[in-house]
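Beneath this line is the structure, given in structure tokens, with notes to follow.
Only the coordinates and a few stated rules stand behind these numbers; no lab work does. Worth saying up front: this structure is predicted, and the values here are computed from it rather than measured. So basically every Cβ, Gly included, is an ideal-geometry build from the backbone, and we count neighbours across all protein chains shown.
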Amino acid sequence: MRISLLSALLPLALLACTGEDPDTNTDTSETDTDTDTDTDADTDTADTGSDIPAAECVEEGGACVLTGSYTASMRLTADKPWLLRSGVLIGDDTNETILEIEPGTTVYGEAATDAVLIIKRGSKIEARGTASKPIVFTSDQAVGSRARGDWGGLVLNGRAPINACTDGTTPCEAEGEGNTGTYGGTDWADSSGTLSYVIVEFVGTEVSPDNEVNGISMQAVGSGTTLDYVQVHQTLDDCIEFWGGAATVKHFVCTSPGDDGIDFDLGYQGKIQFAVVQQWGGGGNNGMEADNNPDVHTADPGTTPTFSNITLVGDPEVAESNFGMLWRRGFSPMAYSVAMDGFSTACLSVRDEATYAGFTSGDAGVWGSALACEVPFETGDDADASTEEAVWGDNAVVGDLKLKDAWNSSAPDFRLGAGSPLASGGVTPSDSFFEQVSYIGAFDATTDWTSGWTHHSED
């Protein structure tokens, strides 16, 4: 029997609760929900500098329960444990509702109800943790009994363009996997908020066969949305998937995914720098999986991201198809300073005529990168290794990346070890978003930007 962690939280006398039904929680007036020396939510904003009122606590089993729809902005405070029950929807798909979360806050996803947090179009999540006080979204199961797929994960729906409507429908909209809401629109600069020093773990509920919720689902999320220092750990599905849009990401950590690490689809045109994917435990599929439109490979807007300084660490024990990067269906990246090793099938697979065409025309390319898999390029019916070698061009194929301790599951160290071929030769895009560095991969030899705030527990 799996025992909920929240049963251990009953003694927390700090919870001051109203007992009101959260489904009707649309009133922004003052309420006596705060537990500091002041007594109302409005006065409490002076403690954090926020003008968003503290959320009302509906207490059950030692936690404040959130469930249903919320259309008034609210702030989750760090002095209370919060529980997501079933679908928790922020916003009404039209007006702006802001969910703010204080540094150090823990939010539990209820396994029994396949909890999922959905930010609807027009609304925002402002989750700004710190290195010493990260914001943690985790399972409500007891430590030692937690597992991939305990709860759903985090979904952000935006109004940026996607290419799902091959019939020419404008604006193009789609429905998210697992019935997670409508996404799509015309605003490339749309904002769904900020995630900074945020951990999302033990996620990826399977809604139906082959239909799971990702750790973080970025559905038509625009460039006004920022992710920086974010980890997804122990997910049954992908760590993060982008459907269209142009969200920007820096310092992203994916550990122990059950499927892909980073996944692109339906016209994503954002930017990513400093990201690491680490498979372990015999699970996972591809370090990166990338498509344009699955039916019309040349659909516009194309999936044309720019990414730099990516480290992909594969688990050689993964028995199924397992690639460092699987690029197909018209995917057209500008890829810089990528390092990968350990994937059991091959480091690189490039498929489909429309994908190859992008590299031939110069609309796609790879620069300053290195791979060290036992099989560098996919062979067999789905690939032409000579063509993949042409895509890889004069990027390096080496015997060993010489990372310090990248395959350690409990305390990984992805920095460069002595004599690493990644210490030089990196290329960075000439774009103000990207920090100019000369090394290949997400880490140099000295700075471990994952240290002190990330999680690596197996259960």
* To two decimal places, what compactness ratio does region 268-312 give when its Cα radius of gyration is scaled by 2.2 N^0.38 Å? -> 1.41
* How about region 319-399: which GluC sites (Glu not before Pro) there are in a DSSP loop, with at most 16 other Cβ atoms within 10 Å of their Cβ? -> 320, 374
* **Rh by Kirkwood over Cα pairs, then Stokes-Einstein D for region 94-133 at 1.306 mPa s and 10 °C, µm²/s** => 133
* Structure fact -> Kirkwood Rh over alpha-carbon pairs of region 213-303 plugged into Stokes-Einstein at 37 °C, 0.692 mPa s gives a D in µm²/s of 252
* Asked: Considering the Cα trace of region 407-459, what is its radius of gyration and what is Dmax, both in angstroms?
  -> 13.5, 42
* Asked: Among 307, 370, 134, whose Cα sits farthest toward the positive end of the charge dipole of the chain (+1 at Cβ of Lys/Arg, -1 at Cβ of Asp/Glu, about the Cα centre)?
  -> 370
* Please state, rounded to one decimal and in Å, the Kirkwood hydrodynamic radius that region 100-180 gives when every pair of distinct Cα atoms enters the mean of 1/r. => 15.0
* Structure fact -> Rg (one decimal) and Dmax (whole number) from the Cα set of region 68-110, in Å, equal 11.0, 31
* Asked: Tell me, how many Å apart are the Cα centres for region 226-301 and for region 144-194?
  -> 13
* **Test item: Cα-centred dipole of region 320-459, Lys/Arg +1 and Asp/Glu -1 on Cβ, debye** => 360
* Structure fact -> region 309-449, convex hull of Cα, quarter of hull surface, nm² -> 8.9
* For region 5-416, with the dipole built from +1 on Lys and Arg beta-carbon atoms and -1 on Asp and Glu ones, taken about the Cα centre, which of 284, 336, 195 lies farthest toward the positive end? -> 336
* Simple Cβ-charge dipole of the chain, Lys/Arg +1 and Asp/Glu -1, about Cα centre, in debye nearest 20 -> 1120
* Asked: Across 10 Å bins from 0, what is the distribution of all Cα-Cα pair distances for region 239-382, in whole percents?
  -> 13, 46, 36, 5
* Structure fact -> Checked against the positive end of the charge dipole of region 320-430 (+1 on Cβ of Lys and Arg, -1 on Cβ of Asp and Glu, about the Cα centre), the farthest of 325, 350, 427 is 427
* Where both partners of a DSSP beta bridge lie in the chain, what percent of those bridges are antiparallel, to the nearest 5? -> 10
* Where N is the number of residues in region 48-189, Cα Rg divided by 2.2 N^0.38 Å -> 1.12
* Asked: Using the Kirkwood formula over every pair of different C-alpha atoms, what hydrodynamic radius in Å results for the chain?
  -> 22.3
